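I have placed the structure first, in the form of structure tokens, so that the comments after it can refer back to it.
The values are calculated or read from the model by the stated rules, or taken from the named source; none is laboratory data. Keep in mind that what you see is a predicted model, and the values were worked out from it rather than measured. Heads up, the Cβs are rebuilt from the backbone with ideal geometry, glycines too, and the neighbour counts pull from every protein chain shown.
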Amino acid sequence: MRKQATSTAQHRSVVLAICVQTPYHKGIEPNSYCQEFENLLKTNGVEVHQLERIKLRTIDPATFFTKGKLYDIQQICEKKSIEELIVSEPLTTRQERNLEDILHCTIYDRTRLILEIFEKAATSIEGRTQVAIALLKHNKSRLAGKGVHLSQQEGHMGVIGGPGETAKEKETRHIEQTILKLKKQLDKLSRARQTQRKQRISSGIPFICLIGYTNAGKSSLLNALTKSDVLAADKLFATLDTTTRELYMNGKKRGLLSDTVGFIQNLPHHLIEAFKSTLSELSYADLLLHVIDASNPNWRDHIKVVNTIMHELGVDKPVLYVFNKSDKLDSPKEYENEITAYTPHVLISAKSKAGLKPLLDYLEYSV
Ligand SMILES: Nc1nc2c(ncn2[C@@H]2O[C@H](COP(=O)(O)OP(=O)(O)OP(=O)(O)O)[C@@H](O)[C@H]2O)c(=O)[nH]1
Ligand SMILES: [Mg+2]
């Protein structure tokens, strides 16, 4: 991962990654959860030297890991001269700092990992600005817990901020000013979005949005339905910028279909906050297509994650559950029995195009 201060240019850090099964993971299938963590690491281009899986019965508020586990990790760090430790869970500033002190290596948590992936994946000005704000807010929160060396430097007479301003205060103020500047830019961009939205609404064309967990196949479905070529990749958060395409059915333009950023468990709060202006589009949708990777053992949990975020965003729109990747299921018939509670729904494969006809029929009659 990216270091705060660069050392030797070509040096690749020795990385230990730990996938943690915590008490709050009740009901989540651990293998696919760890697979998802490995995908996050891969997507961020991290070369992992050792991957450990740890099950925690309780979380230590000061060090996250309990004493015994921490001792084991310490042994690995010493033996393998670990320089970076990446943890699959979000850590508090205090936990991160304490772990750094005990393990003598740089600690990165889930939040940092996801933020860096977003930073790399953002291409549009709006996407980049949103991610930059989230990163700055994260850095600011980390700074708040930073200790001694930053808080003890005295400010000089005459500098902005007045006498006695500490280095920490200066840094915080700088971050706040930058955030303010970026927010102004974002406001301008969102005003342009509002104008586009007004035009769209007055045209009366139905507006359909794809939502869903990351890697569920939203972009693949957009491509399959609109015969376009949006990036669909076996990467997490391949899509960060909204793409809208015209949807034709039986040769007639019947709507606009829009792709959105995928969600994940413990999506950093600052990211949801920063992406609110893009996600606000969802409130204007006539229909949401909630795409689910039916082949992932944690699909139920993924649905919950997405629905919770929708609730947090205050989005309450008609939903069609689109269970995707049916080609990967051993028995699609049996699977149908498991999804009866999710109504209305369709079972499809964006890859083989199976089930697309019932989906199009639904769209034709419902929007
Ligand atoms: N086997 C199979 N693979 C699929 C299907 N649909 C999508 N995929 C694969 O799943 C991976 C993710 O697909 P995307 O369309 O990029 O998923 P997404 O939901 O847009 O992901 P993000 O943009 O990262 O949120 C890609 O490797 C696709 O090729 C399907 O129906 N069957
Ligand atoms: Mg996508």
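With region 239-352 as the region, which helices (runs of 4 or more DSSP H) entirely inside it contain at least 1 residues that are modelled with pLDDT under 95, within 16 Å of ligand 1 (Cβ to nearest atom) and more than 30 Å from Val87 (Cβ to Cβ)?
Result: 332-338.
Somewhere in region 167-190, is a residue in a loop (DSSP other than H, G, I, E, B) and either within 16 Å of ligand 2 (Cβ to nearest atom) or among the small types (Gly, Ala, Ser) (or both)?
So far as region 167-190 goes, no, none of its residues is in a loop (DSSP other than H, G, I, E, B) and either within 16 Å of ligand 2 (Cβ to nearest atom) or among the small types (Gly, Ala, Ser) (or both).
Would you pick out the residues in region 93-104 that are crowded, with 20+ Cβ neighbours inside 10 Å and in contact (Cβ under 8 Å) with a residue 40 or more places away in the chain?
Across region 93-104, the qualifying residue is only Glu96.
What pairs come out if I take residues in region 230-241 that are farther than 19 Å from Val46 by Cβ and pair them with residues that are near ligand 1 (Cβ under 6 Å from one of its atoms) and not hydroxyl-bearing (Ser, Thr, Tyr) whose C-beta lies under 8 Å away, six or more apart or interchain?
Leu231/Ala238; Ala232/Gly217; Ala232/Ala238; Thr239/Lys218; Thr239/Gly262
Which number in (1) in contact with a helix residue (DSSP H, G or I) (Cβ under 9 Å, 6 or more places away or on another chain); (2) surrounded by fewer than 18 Cβ atoms within 10 Å (Cβ to Cβ) marks the one condition that Lys227 misses?
That leaves (1) as the condition not met.
If a residue has to be in contact with a Leu (Cβ under 8 Å, 6 or more places away or on another chain), of a type outside the set (Phe, Trp, Tyr) and not in a helix (DSSP H, G or I) to count, how many in region 103-113 make the cut?
The number of residues fulfilling the criteria is 4.
Look through region 211-228, keep the residues that are more than 6 Å from ligand 1 (Cβ to nearest atom) and part of a loop (DSSP other than H, G, I, E, B), and return whichever of them is modelled with the highest pLDDT.
Filtering first and then ranking leaves Lys227.
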